[in-house]
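*Asks:* Structure in C-alpha cells, see below.
The values are calculated or read from the model by the stated rules, or taken from the named source; none is laboratory data. All values reported here derive from a predicted model rather than from experimental measurement. Methodologically, a virtual Cβ is constructed for each residue, glycine included, from the backbone with ideal geometry; neighbour enumeration extends over all protein chains shown.
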Amino acid sequence: MRVRSNSEGLRLNNPLNQGGISVGGWFRGKLKKMRRPPNPQDGSSSLTDGPQSAVDKDSPIAIQTFEQLLAEQCLYKASLVLIDRENELFGKITEEEVLQHHAEEIDKLSTERRALEKQIQHTLQQSLSLRLEEVADEAAVSALTMVLTSAVKAIYKEEEQDLLRKPVRSRTPSNWKKLHDSILHNLVEARMDNPSVAPAGLAEQSSIQLDIQCMGRQLKEDLLLVVNVLKSCYPEEANICQFYAKLYHQNLSARLKKIVDFVLDDKDSTFILRWVNEYYPGILKKSELASEIDSAALGKLLPTDLLDCLEKQYLETQQNELSTYMNRVLEEEIKTWTRMEQPPREDGCYTSPLAYDIIQLISGMVTAAEKVTGSQQKAQSITCQLTDLLQRFKAFQEEIIKQNKCNSNAYIKAHLGCVEQFRDIFQRKGHLFPNDVQENCLAVLTDMKQSAYTFLLSSVHANLKPQYRKLGTSDWLLKKTLFEKLLSSMENELQDLEGLPHSCHQGVISEFHQQVTQEYVKRLLRREIKLKDREHQQKAFITVTDNAETLHKLFKKMGSQEDWLKDILTNIAEVLKLQHIPALQMQIVSLGHAYPDLSERHVSALLKLKTNISKEDRHKIKATLLDTRKEAYEGVKFQPFFSKVVLK
C-alpha cells in the first residue's frame, strides 16, 4: 500500500533550490526511469502548464523528463508523467512481482512524487503572496496564476487517480485535496497571526481595536485577491471563494471569542459589537465579494450568548449616558428660569435649546446603536427613559404656570417650541422609539401644548370678557358695531402673543379661533334673546351668518386654517331661519352627523331660542336626531367642538 510521507512543515522557500531533496518513500525500491510522450487521451497536450521552450516544428519532439517539468514548475504535466509510470508498472504485473523485482523503481517513483508534493505545497503557500495593489501587474498575476493553476489541476487529477487505483496493500490514497485544504487553513492562520501594518490615523485606538482592525484589513485584502485572481485557478465546483471566506470567518471568529473572554471596557466592547454587526458584514457586502461569497451561510462571527452579553453592556451604558445628559439639560433650564433670566431670542422669537440638544443626541445615539447591535428594536431601547424626562418637563411647565413669574410667559412660549420639536421627531422619525414610548410621550406633549395654549390665551380671554357678555343679547342682534368692536379688541389683544416661535404661531391662533367660536356659541345658547317670530329669526340668521364670515376672514388673515368653524356658525344660523318642522329635523340631523358631540342639551338650547316652536315639536326634532345616529358614530374620529361648549 502507498505510504504517506511525514509532514515537513509549511516551507515558503522552493525545495528545488536546496542542496538535495530528502523525502520518504511512496513505494519501496526504485523504478527505472521511464519516458513516454503524453497520452492524448488525458488532454495534457492541450494544457498551458508552466513555461514552455520554443521547439522547431521540423525538429523531433523533445520529451521532457519529470525533473525538467518540475524545474519549470509544470506541476500538472509532471503529475501526469508519474501517473503514467505508476499505471504502466502496476498494469502489467502483480503487486508481489512489483515489490520483489522493482523495489528500486518504486523508491524512485516515491521520491519523485514527494518532490512534486513538496513543490505543490510551496505553490499553495505562495497563493496569497501578491499584494492587492499588485493585481494590476499582469506579469506578476500571470506568474502566480500559471503555476497555481498547474498545481490545482495536479491535485484534482491525483484525486481522480485515487478513485481509479486498485485497492492493494502497497498503495494508499494520496489525499492531496485534504493536504490542499490543510495548507490553506494554515496559510490563513499565519496571515491572521501577522496581518498587514495598521492603517494610519488609528493612534487613539486600544491594542485590542488595533489587532481587530488589522486582521479585518488583512481579511478584506486577501478575499479580494481570491475573488479577483485566485478564483480563475480553480474549477468552478471548487467554490474556492466561499472556501477561503469560511476559513477567514472561522479564524476571526475564534480570535474574537478569545478576546471577549477577557474583561473588556465599554469602548472595546462597542468596537467588537460594531465589527461583528456592521464592519464585517460591510466587507462581505462589497460588490466584488457579494457576488462570490454567501455571507448568510457563514453566520455570525460570535455566538448568541456572547453577543447578548456585549449588547447588554453596551445598551445599558448608552441608556445611562442619555439619561444623564437629558437630566443635565433639563436641570440647566430650570436654573435659568429660577434665576429670573429671560430665554434667548432668535429672529424675535423665544427659544430653548432643551429639545434640540436632546433630539440631536437621541438621533445620533439610536442610529449608532442600530449599527452596533444590528437591530433597530434593540437600539430603540436606549430611549426608554424619555417618557420620564418629558413627565418632569411637564411638571416644570406646570410650576412655571403656577408661579407665573415675570419671565413665565416667555418660557412658556419658548417651551411651546420645544413641544413642537419633540412632536415632530416622534411623528417623522418614529423608528427611533419603541411604540409605547412614542405613544406615551405624544400624550404628554399633547397635554403640555394644551396647557400652554390655555395659559397664553387666558389673559386674552380675560380682557375680552366684557365684550363676550354682549354676545347673544338684544343689543348684539340690533347693533352691528358691538361685534366689530369685539373683533378689533381681539386683534389688539393678540399682540400679547408676540415672541411665539414661528412653528407655534399658527397653532395658537387656530386654538384661539376655536375658543372664540365656542364662546360665541355658548353665549348664544344661553337664550338671553327671544326670537318670537319669523322676522326676528331672519334677523338672527343674517347676524350669525355675517359674524361667521367676518370672524373667518379675521382669523384666516392671522394664520388660522380652521375653516370648519365657519360651517358650525352657518349651520346654526340655518336652524334659526327655518320655520317648518321637517326642514328643522333635517338641519339638526345634518348638524349632528357633522359634529357627533352635539348633545341633546345643545339641541334643546338652540331650539328654545325660537319661542314659536312647541315643546312637542322640540321633542320630535331631538328624537329624529337620536334615531338617525344610533351606533352610527361608534369609533368614528371627529373634531370635537360642542363637547367643549359647556352649558350651565
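*Asks:* Any residue that is within 18 Å of Gly472 (Cα to Cα), among the charged types (D, E, K, R) and in a loop (DSSP other than H, G, I, E, B) - is there at least one of those in segment 543-564?
*Replies:* So far as segment 543-564 goes, no, none of its residues is within 18 Å of Gly472 (Cα to Cα), among the charged types (D, E, K, R) and in a loop (DSSP other than H, G, I, E, B).
*Asks:* Here is a further query. Within segment 369-386, can you find the residues that are surrounded by 18 or more Cβ atoms within 10 Å (Cβ to Cβ) and of a type in the set (Ser, Thr, Tyr)?
*Replies:* Thr373, Ser381, Thr383
*Asks:* Answer yes if at least one residue in segment 439-446 is within 16 Å of His513 (Cα to Cα), part of a helix (DSSP H, G or I) and in contact with a helix residue (DSSP H, G or I) (Cβ under 6 Å, 6 or more places away or on another chain), and no otherwise.
*Replies:* no
*Asks:* Now a separate question. Being buried (at least 20 other Cβ atoms within 10 Å of the Cβ), assigned by TED's automatic domain parsing to the domain that holds Arg345, in contact (Cβ under 8 Å) with a residue 60 or more places away in the chain and farther than 30 Å from Ser488 by Cβ is the requirement here; does Cys418 meet it?
*Replies:* yes
Here is a yes/no grid of residues against (1) within 30 Å of Asp266 (Cα to Cα); (2) out of contact with any Leu (no Cβ under 8 Å at 6 or more places or on another chain):
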| residue | (1), (2) |
| --- | --- |
| Met326 | yes, no |
| Glu341 | no, yes |
| Ala355 | yes, yes |
| Gln377 | yes, yes |
| Leu390 | yes, no |
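*Asks:* Please give the helices (runs of 4 or more DSSP H) falling wholly within segment 56-102 in which 2 or more residues are at pLDDT 90 or above. Even if it seems obvious, please write down each step before you answer.
*Replies:* On the way: elements: 66-71, 75-92, 95-101.
Because the criterion is at least 2 residues that are at pLDDT 90 or above, the helices (runs of 4 or more DSSP H) in segment 56-102 that meet it are 66-71, 75-92.
*Asks:* Looking at segment 544-561, which of the residues that are buried (at least 18 other Cβ atoms within 10 Å of the Cβ) and of a type outside the set (A, V, I, L, M) is farthest from Tyr520 (Cα to Cα)?
*Replies:* Ser560
*Asks:* Can you report the number of residues in segment 327-342 which are of a type outside the set (A, V, I, L, M) and either surrounded by fewer than 14 Cβ atoms within 10 Å (Cβ to Cβ) or in a loop (DSSP other than H, G, I, E, B) (or both)?
*Replies:* Here the count works out to 8.
*Asks:* Since Glu278 meets every condition but one in (1) acidic (Asp, Glu); (2) farther than 30 Å from Pro501 by Cβ; (3) free of Cβ contacts under 8 Å to residues at least 12 places away in the same chain, which condition does it not meet?
*Replies:* (3)
*Asks:* Would you tally the residues in segment 355-368 being crowded, with 19+ Cβ neighbours inside 10 Å and modelled with pLDDT under 95? Break it down stepwise before answering.
*Replies:* Taking segment 355-368 as the starting set, the residues that turn out to be crowded, with 19+ Cβ neighbours inside 10 Å are 355, 358, 362, 365-366.
Within this subset, residues satisfying the condition of being modelled with pLDDT under 95 are none.
Qualifying residue count for the region: 0.
*Asks:* Select, from Glu616, Glu631, the only residue that is at pLDDT 90 or above and either exposed (fewer than 15 other Cβ atoms within 10 Å of the Cβ) or of a type in the set (A, V, I, L, M) (or both).
*Replies:* After applying the criteria, what remains is Glu616.
*Asks:* Quick check: is even one residue across segment 392-414 touching a Gly at 6+ places or on another chain (Cβ under 9 Å), surrounded by fewer than 21 Cβ atoms within 10 Å (Cβ to Cβ) and not aromatic (Phe, Trp, Tyr)?
*Replies:* The answer is yes; a qualifying residue exists.
*Asks:* State yes or no: is Leu464 modelled with pLDDT under 90 and within 57 Å of the chain's Cα centre (by Cα)? Don't jump to the end; show me each part of the working.
*Replies:* Numbers: modelled with pLDDT under 90: no; within 57 Å of the chain's Cα centre (by Cα): yes.
So Leu464 fails the test.
*Asks:* Given Gln427, Gln421, Gln438, which one is out of contact with any Leu (no Cβ under 7 Å at 6 or more places or on another chain), at pLDDT below 95 and over 19 Å from Asp496 (Cβ atoms)?
*Replies:* When all the criteria are applied, what remains is Gln427.
*Asks:* Quick one: in segment 343-377, which of the residues that are more than 28 Å from the chain's Cα centre (by Cα) and either of a type in the set (A, V, I, L, M) or assigned to a loop (DSSP other than H, G, I, E, B) (or both) is nearest to Met326 (Cα to Cα)?
*Replies:* The qualifying residue nearest to Met326 (Cα to Cα) is Ser352.
*Asks:* When you look at Ser590, is it touching an Asp or Glu at 6+ places or on another chain (Cβ under 7 Å), surrounded by fewer than 18 Cβ atoms within 10 Å (Cβ to Cβ), modelled with pLDDT of 90 or more and in a helix (DSSP H, G or I), yes or no?
*Replies:* So Ser590 does not fit the description; no.
*Asks:* Here is a follow-up. Does Ile272 satisfy the criteria of being outside the structural domain of Gly374 (by TED's automatic domain parsing), over 30 Å from Ser150 (Cβ atoms), surrounded by fewer than 20 Cβ atoms within 10 Å (Cβ to Cβ) and among the aliphatic types (A, V, I, L, M)?
*Replies:* Judged against the criteria, Ile272 is not a match.
*Asks:* Just give me the residues in segment 219-245 being of a type in the set (Lys, Arg) and buried (at least 18 other Cβ atoms within 10 Å of the Cβ), in sequence order.
*Replies:* Scanning segment 219-245 gives a single hit, Lys220.
*Asks:* With respect to Asp162, determine if the residue is more than 21 Å from Ile240 (Cα to Cα) and of a type outside the set (S, T, N, Q).
*Replies:* yes
*Asks:* List pairs: first in segment 509-520 and within 19 Å of Leu598 (Cβ to Cβ), second not in a helix (DSSP H, G or I), Cβ under 7 Å, 6+ apart or cross-chain?
*Replies:* Final answer for the pair search is Gln514/Glu562; Gln518/Phe641; Gln518/Val645; Tyr520/Leu471.
Per-residue answers, yes or no, for (1) assigned by TED's automatic domain parsing to the domain that holds Trp476; (2) under 56 Å from the mean Cα position of the chain (by Cα); (3) buried (at least 16 other Cβ atoms within 10 Å of the Cβ); (4) among the acidic types (Asp, Glu):
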residue: Glu498; (1), (2), (3), (4): yes, yes, no, yes
residue: Ser503; (1), (2), (3), (4): yes, yes, no, no
residue: Gln506; (1), (2), (3), (4): yes, yes, no, no
residue: Val521; (1), (2), (3), (4): yes, yes, yes, no
residue: Lys530; (1), (2), (3), (4): yes, no, no, no
residue: Arg534; (1), (2), (3), (4): yes, no, no, no
